[in-house]
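Peer 1: First the structure, which I've put down as structure tokens, then a few questions once you've had a look.
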Amino acid sequence: MPDSIIFSDIDGTLLNPNRELSELTISEIKRIKKNIPVVLISSRMPSAMYHLQRELDILDQPLICYNGGLILIDQKPVHSTFIPPNIIEKLSSFNKDQKFHISLYHDNDWFVPEMDFWANREANNTKVNPVVKPIQEVIQNWEINQKGAHKIMCMGEETYIDKAYAFLENYFGNTLHLYRSKPTYIEIAHKSISKLTAIDILLTTHFKTPISKAIAFGDNYNDMEMLKAVGTGIAVANAKPEVLQIADIITLPGKEDGVATYIKKNIL
């Protein structure tokens, strides 16, 4: 049982202005990793996190992907919660005129209907390339194989994303968690999961460590629940105002090595 454990969000929290890991972040996490496990926790897909794990030399640690929808240990799923294909079908029908982009994710699969502006931007940000396939084909394949979406991303002009959000909230508000990461984005996951549910699973079944010993770093609304629940919830200074209010500690901004600076000063 480790004396403590670190869970860190990635985007907005751990990366530098080039959306990469700084030398200080790499060196500090490598310094502590033998005594304190460091687990990455993100809305990203696994393949958009493996390269970060590799740089930090923590490939032996679990990954929490899709905001808790998928938990991997030794790169194998130990927990999976996804959105069923019938909901994707209704969202696709609502978007029949293709006013906004829909990305579909399952495990390491990322499907897009075309390589438009939004797909290209996400590919550049995450260093992962999607598979171009019509949504209907993806839905049919998932129905046959009893799969679904660990995450859906709707991206587009704010007016159309407003309408998509209203549609989803009206028809699936009890089933889906809708996270507006920015005005032009909606990240969609199953409502039964969160970063905190995933942390609880790992602490109970894998690390055998009480949550009071956990440290978590985050910056956005989807980090609030875990920051409030862990022993030490740390917000980077660029976090949303609501996140700053509930954090136990505020460190430097993510782009200024806030995570690494806290580790360097407080973890021997």
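Peer 1: Mind checking whether some residue in the stretch 105-117 is assigned to a helix (DSSP H, G or I), closer than 24 Å to residue 144 by Cα and of a type outside the set (S, T, N, Q)?
Peer 2: no
Peer 1: Among the residues of the stretch 166-188, write down those that are surrounded by fewer than 17 Cβ atoms within 10 Å (Cβ to Cβ), without any contact (Cβ under 8 Å) to a residue 40 or more places away in the chain and over 17 Å from residue 119 (Cα atoms).
Peer 2: 166, 169, 170, 173, 174, 180 - these are the residues of the stretch 166-188 that are surrounded by fewer than 17 Cβ atoms within 10 Å (Cβ to Cβ), without any contact (Cβ under 8 Å) to a residue 40 or more places away in the chain and over 17 Å from residue 119 (Cα atoms).
Peer 1: Would you point out which residue out of 31, 44 is closer than 19 Å to residue 218 by Cα and charged (D, E, K, R)?
Peer 2: Going through 31, 44 in turn, the sole match is 44.
Peer 1: Just one of the numbered conditions (1) assigned by TED's automatic domain parsing to the domain that holds residue 9; (2) under 21 Å from residue 15 (Cβ atoms); (3) touching a strand residue (DSSP E or B) at 6+ places or on another chain (Cβ under 9 Å); (4) surrounded by 14 or more Cβ atoms within 10 Å (Cβ to Cβ) is not true of residue 249; which one?
Peer 2: Only one criterion in (1) assigned by TED's automatic domain parsing to the domain that holds residue 9; (2) under 21 Å from residue 15 (Cβ atoms); (3) touching a strand residue (DSSP E or B) at 6+ places or on another chain (Cβ under 9 Å); (4) surrounded by 14 or more Cβ atoms within 10 Å (Cβ to Cβ) is unmet by residue 249, namely (4).
Peer 1: Which numbered condition in (1) among the small types (Gly, Ala, Ser); (2) farther than 24 Å from residue 145 by Cα; (3) more than 17 Å from the chain's Cα centre (by Cα) is the only one that residue 93 fails?
Peer 2: Going through the list (1) among the small types (Gly, Ala, Ser); (2) farther than 24 Å from residue 145 by Cα; (3) more than 17 Å from the chain's Cα centre (by Cα), residue 93 breaks only (2).
Peer 1: Any residue at all in the stretch 218-230 that is modelled with pLDDT of 95 or more and over 18 Å from the mean Cα position of the chain (by Cα)?
Peer 2: No - not one qualifying residue is present in the stretch 218-230.
Peer 1: If you check every pair at least six apart or on different chains, which have Cβ atoms under 7 Å apart with a residue in the stretch 6-21 that is surrounded by fewer than 24 Cβ atoms within 10 Å (Cβ to Cβ) first and a residue that is charged (D, E, K, R) and assigned to a loop (DSSP other than H, G, I, E, B) second?
Peer 2: Partner pairs satisfying both residue conditions: 10/44; 12/219.
Peer 1: Name the residue that is nearest to residue 44 (Cα to Cα), counting only residues in the stretch 240-268 that are touching a residue at least 60 places away in the same chain (Cβ under 8 Å) and among the hydrophobic types (A, V, I, L, M, F, W, C).
Peer 2: 259
Peer 1: Then there is this: Please verify whether residue 182 is basic (Lys, Arg) and modelled with pLDDT of 95 or more, treating the condition exactly as stated.
Peer 2: Here the answer is no, as residue 182 does not meet what is asked.
Peer 1: Working carefully through the options 102, 29, find the one that is outside the structural domain of residue 258 (by TED's automatic domain parsing), of a type in the set (Val, Ile, Thr) and not in a loop (DSSP other than H, G, I, E, B).
Peer 2: The match here is 102.
Peer 1: Residue 34 - would you say it is part of a loop (DSSP other than H, G, I, E, B) and of a type outside the set (Ser, Thr, Tyr)?
Peer 2: Against the criterion (part of a loop (DSSP other than H, G, I, E, B) and of a type outside the set (Ser, Thr, Tyr)), residue 34 qualifies.
Peer 1: Restricting attention to the stretch 189-199, report how many residues are touching a residue at least 40 places away in the same chain (Cβ under 8 Å) and under 18 Å from residue 106 (Cα atoms).
Peer 2: Residues meeting the conditions: 7.
Peer 1: Within the stretch 139-165, count every residue that is more than 22 Å from the chain's Cα centre (by Cα), touching a residue at least 12 places away in the same chain (Cβ under 8 Å) and outside any helix (DSSP H, G or I).
Peer 2: 1
Peer 1: Among the residues of the stretch 171-179, are any within 14 Å of residue 67 (Cβ to Cβ), touching a Phe, Trp or Tyr at 6+ places or on another chain (Cβ under 7 Å) and not in a strand (DSSP E or B)?
Peer 2: no
Peer 1: Could you please give the count of residues in the stretch 189-228 that are surrounded by fewer than 17 Cβ atoms within 10 Å (Cβ to Cβ), small (Gly, Ala, Ser) and part of a helix (DSSP H, G or I)?
Peer 2: The number of residues fulfilling the criteria is 1.
The values are calculated or read from the model by the stated rules, or taken from the named source; none is laboratory data. All of these numbers come straight from a predicted model, not from anything done at the bench. Positions of Cβ are generated from backbone atoms using ideal geometry, with glycine treated the same way; all protein chains shown enter the neighbour counts.
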